[in-house]
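Novice: Please find one structure pasted underneath; my questions will follow.
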């Protein structure tokens, strides 16, 4: 698996892993800020962005993809930052290969199985008529019948592009993501990671709740916790400056 990666900056290696339906481009602002202190490796996970499409998706597979990337780049170890699904990938990497991870930053996700709450997203994405689509605004109009939140639609539409035949297409492997959704909603599993971990929660997000404290500390007994006020599931975008400060304070101390 040859993941698409964007490398910038200079210093200790830091790998950034996006969430479901995301790409490395979603992290452009944070990549630029963090590259002032680290060599940042922003990656597209399999079936996302410009990385290869495969039929299979699971946390062991995606974690192994990250280790292969590290081997390809000659990285003995690195800091890893992961958001949402990418946070679960980062956790799986740490549990499977603790010697390859220096510090771990997990953004708004816990090591638990979540219920299916992307049903409307899949319905909306599948309902977009790519063959007849004339513009992004048309795609947004079609998505709005299933997804009322403008910010969510704008995020999803970053996946829309024109292929070599000048037709609209999705960069993500939508069919594989939908077929493998049970694996995506599952919890990463493995042995205890006995190194430093920072969990960052968006105040208004329900992805990390008090009931998840026990499973977090069971697998990550040295976990620390920070909450960014007035932010949701994307605190790195909603409160970018505060997020950057938290990450730098943790990684540089």
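The values are calculated or read from the model by the stated rules, or taken from the named source; none is laboratory data. It should be emphasised that the depicted structure is a prediction, and the values quoted were computed from it without experimental measurement. All Cβ positions, glycine included, derive from the backbone under ideal geometry; neighbour counts span all protein chains shown.
Novice: Could you check, for segment 23-43, whether at least one of its residues is surrounded by fewer than 24 Cβ atoms within 10 Å (Cβ to Cβ), touching a strand residue (DSSP E or B) at 6+ places or on another chain (Cβ under 6 Å), outside the structural domain of residue 154 (by TED's automatic domain parsing) and in a strand (DSSP E or B)?
Specialist: For segment 23-43, residues surrounded by fewer than 24 Cβ atoms within 10 Å (Cβ to Cβ), touching a strand residue (DSSP E or B) at 6+ places or on another chain (Cβ under 6 Å), outside the structural domain of residue 154 (by TED's automatic domain parsing) and in a strand (DSSP E or B): present.
Novice: Oh, and also: Can you find a residue in segment 191-199 that is within 24 Å of residue 58 (Cα to Cα), surrounded by 18 or more Cβ atoms within 10 Å (Cβ to Cβ) and free of Cβ contacts under 8 Å to residues at least 60 places away in the same chain?
Specialist: Checked segment 191-199: no residue is within 24 Å of residue 58 (Cα to Cα), surrounded by 18 or more Cβ atoms within 10 Å (Cβ to Cβ) and free of Cβ contacts under 8 Å to residues at least 60 places away in the same chain.
Novice: Restricting attention to segment 148-160, does a residue exist that is surrounded by fewer than 18 Cβ atoms within 10 Å (Cβ to Cβ), over 30 Å from residue 96 (Cβ atoms) and touching a strand residue (DSSP E or B) at 6+ places or on another chain (Cβ under 6 Å)?
Specialist: So far as segment 148-160 goes, no, none of its residues is surrounded by fewer than 18 Cβ atoms within 10 Å (Cβ to Cβ), over 30 Å from residue 96 (Cβ atoms) and touching a strand residue (DSSP E or B) at 6+ places or on another chain (Cβ under 6 Å).
Novice: For residue 167, only one of the following conditions fails: (1) without any contact (Cβ under 8 Å) to a residue 40 or more places away in the chain; (2) outside the structural domain of residue 19 (by TED's automatic domain parsing); (3) surrounded by 13 or more Cβ atoms within 10 Å (Cβ to Cβ). What is its number?
Specialist: Looking at each condition in turn, residue 167 falls short on (3).
Novice: Another one. Select, from 171, 136, 162, 153, the only residue that is more than 22 Å from residue 199 (Cβ to Cβ) and within 16 Å of the chain's Cα centre (by Cα).
Specialist: Of 171, 136, 162, 153, the one residue that is more than 22 Å from residue 199 (Cβ to Cβ) and within 16 Å of the chain's Cα centre (by Cα) is 171.
Novice: So, in segment 78-113, how many residues would count as being touching a helix residue (DSSP H, G or I) at 6+ places or on another chain (Cβ under 7 Å) and free of Cβ contacts under 8 Å to residues at least 40 places away in the same chain?
Specialist: 3
Novice: Let me ask something else. Please state which of the following conditions residue 71 fails to meet, knowing it meets all the rest: (1) within 24 Å of residue 193 (Cα to Cα); (2) surrounded by fewer than 21 Cβ atoms within 10 Å (Cβ to Cβ); (3) touching a helix residue (DSSP H, G or I) at 6+ places or on another chain (Cβ under 7 Å).
Specialist: (3)
Novice: Another question about this same structure. Which of the residues that make up segment 1-22 are within 18 Å of residue 173 (Cα to Cα) and surrounded by fewer than 21 Cβ atoms within 10 Å (Cβ to Cβ)?
Specialist: Those that are within 18 Å of residue 173 (Cα to Cα) and surrounded by fewer than 21 Cβ atoms within 10 Å (Cβ to Cβ): 1, 2, 4, 5, 20.
Novice: It is to be established whether one or more residues within segment 174-190 are in contact with a strand residue (DSSP E or B) (Cβ under 7 Å, 6 or more places away or on another chain) and touching a residue at least 60 places away in the same chain (Cβ under 8 Å).
Specialist: no
Novice: Still on this structure, please answer the following. Looking only at segment 225-241, count every residue that is in a helix (DSSP H, G or I) and within 25 Å of residue 156 (Cβ to Cβ) and tell me the total.
Specialist: Total meeting the criteria: 5.
Novice: For residue 244, indicate whether it is touching a residue at least 12 places away in the same chain (Cβ under 8 Å), in a helix (DSSP H, G or I), more than 13 Å from residue 108 (Cα to Cα) and more than 20 Å from the chain's Cα centre (by Cα).
Specialist: No, not satisfied.
Novice: Give the number of residues within segment 114-127 that are surrounded by 17 or more Cβ atoms within 10 Å (Cβ to Cβ) and free of Cβ contacts under 8 Å to residues at least 40 places away in the same chain.
Specialist: Going through segment 114-127 one residue at a time, the tally reaches 1.
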